[in-house]
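See structure below.
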Amino acid sequence: MAVLKADAYGHGAQALAPIAVQNGAAMIGVSSLEEGIHLRDTGIRAPILNLGGIYPLDNFSIALDFNITPTVASFEAARTLLRVGQARNCPVGFHLKIDTGMGRLGVSVEEAEKILRWAVETKGVQVLGVYSHLSCADSDPRFTELQTKRFGSVIKTVARLGLEKPLNHLANSAALLRYRKTHFDMVRPGVALFGDSIVPIPTSVSLFPVLSWHSRIIFLKKVPKGFPISYGRTYRTKKESLIATLPVGYADGVPRSISNKGYVLVRGGRCPIVGRVTMDQIMIDVTKVHGKVGDEVILVGRQEKDEIRIGEMAKWAGTISYEIFCGISKRVPRVVK
Ligand SMILES: *Cc1c(COP(=O)(O)O)cnc(C)c1O
């Protein structure tokens, strides 16, 4: 499964979904019906699984309208889905979500057995998949093993009850890269698809960053020593400096927390962000690289011999790459190559 929720982690799901399908993704994961409909609207016909919850439960009818496979995470949801299907005389299918230790969405292992038994005995309903989500695949091997074991016990129940073989799936990117035992019938990478990882990448795997983030110097000034830059005057030049202005700010997704902390690439050199990140613009010190108006600026990506990875920007901001990806706002045009 290609997990393309949150507009493919900010990359643009409509552009990336066909590429994922062409390259062998059997299914696309989204986190709401709206996201699924957005993909159906561009003619994506591959199976789509809504990984999120549905509220109110009558909205299962929308899932059926758009052929989006719903997740069921309670007995009430299972029964409602069946009722919605019966009202239009159509059989229904779902993936059952088990909470094996994430504490987010899902039924307990015990409740899962009851729902599976009900599904075996009930006409017009099919369990297409059984899945769970790992909370610590990047950090805690023992808890990951425990979750995998709990999941395995549900799979045994499935076999014992003689259900028509559902797809079993558990692994996110970190588990895909680290734990063979979590792979089951299908894996659900999200962030790894975009060439990023929060765990060390095995040498047998090559991940290439899909996204680079570009801007340009649109204004330049030479200023004397002690010159204040941006809101709050949190930065003052230490000597005569060449300060450039870029038309990108926190409304575009540059975290305000990297004020006076982050860097960008200009002419192959690292230039510090000086002063506070503002809504629409940031200032950088280009004294060292002799920047010119019109110079290309890389916020994330490679330029000559240097590279700023999304994870590096995330570290400056005190967060993870996921949040930076998702924070790049609509106002930044995506160009697909
Ligand atoms: C987001 C998500 C994934 C993908 O997670 P990554 O860490 O990006 O690989 C997989 N499964 C579920 C249920 C998710 O919510």
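The values are calculated or read from the model by the stated rules, or taken from the named source; none is laboratory data. These numbers were taken from a predicted model, which means no experiment stands behind them. Using ideal geometry, Cβ is built from the backbone for each residue, glycine included, and neighbour counts are taken over all protein chains shown. Accessible surface areas use protein heavy atoms only, side chains included; no ligands, DNA or RNA. Shrake-Rupley method; radii C 1.70, N 1.55, O 1.52, S 1.80 Å.
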Task: Count of residues meeting criterion [near the ligand (Cβ under 9 Å from one of its atoms) and open to solvent by less than 10 Å² (accessible area, probe 1.4 Å)] in region 175-193 - done: 3
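Scanning for something under 27 Å from Gly195 (Cβ atoms), β-branched (Val, Ile, Thr) and touching a Lys or Arg at 6+ places or on another chain (Cβ under 9 Å), does region 44-63 turn up at least one residue?
yes
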Task: Residue count for region 134-178, restricted to those that are part of a helix (DSSP H, G or I) and of a type in the set (Asp, Glu) - done: 1
TODO: Among the candidates Ile62, Ile98, single out the residue that is out of contact with any Pro (no Cβ under 9 Å at 6 or more places or on another chain), aliphatic (A, V, I, L, M) and within 16 Å of the ligand (Cβ to nearest atom).
DONE: Ile98
Task: Residues of region 28-76 classified as open to solvent by 20 Å² or more (accessible area, probe 1.4 Å), among the hydrophobic types (A, V, I, L, M, F, W, C) and outside any helix (DSSP H, G or I), total - done: 4
Task: Selection from region 208-245 of residues that are modelled with pLDDT of 95 or more, surrounded by fewer than 15 Cβ atoms within 10 Å (Cβ to Cβ) and assigned to a loop (DSSP other than H, G, I, E, B) - done: Pro224, Lys225, Gly226, Thr234, Lys238, Lys239, Glu240
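To keep it simple, each residue is scored yes or no on (1) at pLDDT 95 or above; (2) among the polar types (S, T, N, Q); (3) not in a helix (DSSP H, G or I).
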residue	(1), (2), (3)
Met283	yes, no, yes
Thr287	yes, yes, yes
Ala314	yes, no, no
Cys326	yes, no, no
Open item on the list: Being in a strand (DSSP E or B) and open to solvent by 10 Å² or more (accessible area, probe 1.4 Å) is the filter here; which residues of region 246-266 pass it?
Closed with: Tyr263
- [ ] Report yes if Leu128 is more than 28 Å from Ser197 (Cα to Cα), open to solvent by 30 Å² or more (accessible area, probe 1.4 Å) and within 16 Å of the ligand (Cβ to nearest atom), otherwise no.
- [x] yes
